[in-house]
Amino acid sequence: MRILRAAGYRVMPWKNGGGTTTEIAVSPEAAGLDDFDWRISIARVETSGPFSSFAGIDRTLAVLEGEGIVLDIAGQPPERLTSASAPLAFPGDVPTSAALIGGPITDLNVMTRRGHISHTVERLPLSGEIRIAPTAGTTLLLPLGSAVKLLTDAESSLEPLDTLIVGPHGPHLRLQPDGQGLLFVIQLHRAAANH
């Protein structure tokens, strides 16, 4: 179990050069944009336009701040995403463009290499104690809008946008928010070996 502090995240250019992304975590640790197994990041989207293409990657996007975006994913009806919407999963290698609804947004982006790692992203309201059970995969917890105390370890707390990473079969977690907000729960699972 380890905590990544938001102040230590790495800022880097988008793959298509159209903006910047703040990398929270990537695996393997030294991986670049073309050879990661999984990657979690936050991006500031200032203008409408096409998304970078990531071959063989599955993505999930959640709006953290701003009025929202409309995603145009090839072969699907347009999807309107706001900070109140559930996270949206889509293939990273299908042509996708975004139209801002009313100004810049900040989004959470989870990407995993198809056939190697799968993921889910859950958005939970921070309104009382939250319990997270261990899984066979890796779990990442990211609070938005409120700090969160880890009741399993009285010395630890997460500030907004800090990330807690819990490895496979980690401890049962109890979290107590300091106020109202959201908790993003990201689950990463290795794909079963092909026989």
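List of remarks:
- Some residue of segment 136-144 being within 19 Å of the chain's Cα centre (by Cα), more than 27 Å from Phe90 (Cβ to Cβ) and either among the hydroxyl-bearing types (Ser, Thr, Tyr) or modelled with pLDDT under 90 (or both): no
- Extreme residue, surrounded by the fewest Cβ atoms within 10 Å (Cβ to Cβ), among residues of segment 99-117 that are out of contact with any Ser or Thr (no Cβ under 7 Å at 6 or more places or on another chain) and part of a strand (DSSP E or B): Thr106
- Test: residue in segment 87-104 that is β-branched (Val, Ile, Thr) and outside the structural domain of Ser27 (by TED's automatic domain parsing): no
- Residues of segment 28-47 include none that is loosely packed, with under 14 Cβ neighbours inside 10 Å and touching a strand residue (DSSP E or B) at 6+ places or on another chain (Cβ under 6 Å).
- Filter pass, Arg44 being closer than 30 Å to Thr135 by Cα and among the charged types (D, E, K, R): no
- The single residue among Thr120, Thr60, Thr152 that is outside any loop (DSSP other than H, G, I, E, B), out of contact with any helix residue (DSSP H, G or I) (no Cβ under 7 Å at 6 or more places or on another chain) and either at pLDDT below 95 or buried (at least 18 other Cβ atoms within 10 Å of the Cβ) (or both) turns out to be Thr60.
- Of all residues in segment 16-57, those being of a type outside the set (Gly, Ala, Ser), closer than 26 Å to Val166 by Cα and touching a residue at least 60 places away in the same chain (Cβ under 8 Å) number 8.
- Qualifying residues in segment 155-173 (those that are modelled with pLDDT of 95 or more and not β-branched (Val, Ile, Thr)) - the one surrounded by the most Cβ atoms within 10 Å (Cβ to Cβ): Leu158
- Here Glu23 fits the description: surrounded by 13 or more Cβ atoms within 10 Å (Cβ to Cβ) and under 16 Å from the mean Cα position of the chain (by Cα).
- Any hit, segment 113-131, residues being among the acidic types (Asp, Glu) and over 19 Å from Phe51 (Cα atoms): yes
Table: residues versus (1) in contact with a Pro (Cβ under 7 Å, 6 or more places away or on another chain); (2) within 16 Å of Asp37 (Cβ to Cβ); (3) in contact (Cβ under 8 Å) with a residue 40 or more places away in the chain; (4) acidic (Asp, Glu).
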| site | (1), (2), (3), (4) |
| --- | --- |
| Ser97 | yes, no, yes, no |
| Ile105 | no, no, yes, no |
| Asn109 | no, yes, yes, no |
| Arg114 | no, yes, yes, no |
| His119 | no, yes, yes, no |
| Pro125 | no, no, yes, no |
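- Restricted to segment 53-106, and to residues there that are more than 21 Å from His119 (Cβ to Cβ) and among the hydroxyl-bearing types (Ser, Thr, Tyr), the residue that is farthest from the chain's Cα centre (by Cα) is Ser97.
- Scanning segment 174-195 for residues that are out of contact with any Leu (no Cβ under 7 Å at 6 or more places or on another chain) and at pLDDT 90 or above yields Asp178, Gly179, Gln187, Leu188, His189, Arg190.
The values are calculated or read from the model by the stated rules, or taken from the named source; none is laboratory data. Quantities reported herein were computed from a predicted structural model and do not represent experimental measurements. A quick note on method: Cβ atoms are made from the backbone with ideal geometry, for glycine too, and the neighbour counts reach across all protein chains shown.
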